[in-house]
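A short write-up of the structure that comes next.
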Amino acid sequence: VLFRSLMCQNAMKCTPRWDSLFAEISDRLGAPIVVASHGHPGVDRIVKPRFERAGVRAIWLPKLSRSAFRRLVSLADVSLDPPDWSGGNTTIEALSQGVPVVTLPQRFMRSRHSLAFLMQSNAPNLVASSAPDYIELAISPELRSGRAEGLDCSGLFEDRAATEGLNAFIRNVSAGVHTAG
């Protein structure tokens, strides 16, 4: 592990109401959060200054090649999922490399993707129940390790239920359309 925490989702997903959460994490870690900014122009203009005002210590990385991004993820101790806007591919990337993802799902679906991926990966205990729980999971390797026991990302790739369900739906719809015509 080269660094303690990584936010590999686009930093534009970090909404202002959670800035104090990331400030506390970086403060309690005594280390900055490494942020892969994905080259979005709003990060420099909006998120970086906002994080600075909130006291979030961060190292901002430019957009990386796919191979450099994968290497970056593999070096992290933990991946932090922004509470209001969850990761998709980035969460799968982290989990497939054995890097635990800490998430705090909110009301809307956009914040619940990592929740679903963690459930599929047999690691539901990495889903924080509150902001203080999220912080503790983010800063405590021991707590995170215990909660990540059983993490198996093969469930992300081997579960055929969704594709079989979609196939059945398409067959039913097309059979209904065909017989109606």
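Residues of the stretch 1-36 with backbone nitrogen within less than 20 Å of a virtual label 7 Å along the Cα-to-Cβ line of residue 110, please, listed as ranges.
Under 20 Å, as judged by backbone N against the label point of residue 110, lie 7-22, 36 of the stretch 1-36.
Put a dot 7 Å past each Cα toward the Cβ at residue 169 and residue 71; how far apart are the dots in nm?
4.1
If amide hydrogens are placed 1.01 Å from N in the peptide plane, which non-local residues have theirs closer than 5 Å to the one on residue 59?
33, 34, 35
Quick check: the distance between the Cα centres of the stretch 132-176 and the stretch 35-72, to the nearest angstrom?
The distance from the Cα centre of the stretch 132-176 to that of the stretch 35-72 comes to 27 Å.
Residue 52 to residue 3: FRET efficiency via 1/(1 + (r/R0)^6), r the Cβ-Cβ distance, R0 22 Å, to the nearest 0.05?
0.70
Under a Cβ-only charge scheme (Lys and Arg +1, Asp and Glu -1), can you give me the dipole magnitude of the stretch 1-120 about the Cα centre, in debye to the nearest 20?
Result for the stretch 1-120 is approximately 260 debye, rounded to the nearest 20.
Taking the Cβ of residue 12 as the centre, find all other residues whose Cβ is under 12 Å away and add up their charges (Lys, Arg: +1; Asp, Glu: -1).
So the environment of residue 12 carries a net charge of +2.
Farthest toward the dipole's positive end in the chain, which of 43, 162, 121, given Cβ charges of +1 (Lys, Arg) and -1 (Asp, Glu) about the Cα centre?
43
Roughly speaking, to the nearest percent, how much of the stretch 1-124's 1.4 Å accessible area is carbon and sulfur?
54
With labels modelled as points extended 7 Å from the Cα through the Cβ direction, what inter-label distance (nm, one decimal) is found for residue 140 paired with residue 119?
Output for this residue pair reads 2.5 nm.
The values are calculated or read from the model by the stated rules, or taken from the named source; none is laboratory data. Computed from a prediction, not measured in an experiment: that's the story for all the values here. Using ideal geometry, Cβ is built from the backbone for each residue, glycine included, and neighbour counts are taken over all protein chains shown. Side chains are part of the model used for accessible areas, which takes the heavy atoms of the whole protein and leaves out ligands, DNA and RNA. Shrake-Rupley method; radii C 1.70, N 1.55, O 1.52, S 1.80 Å.
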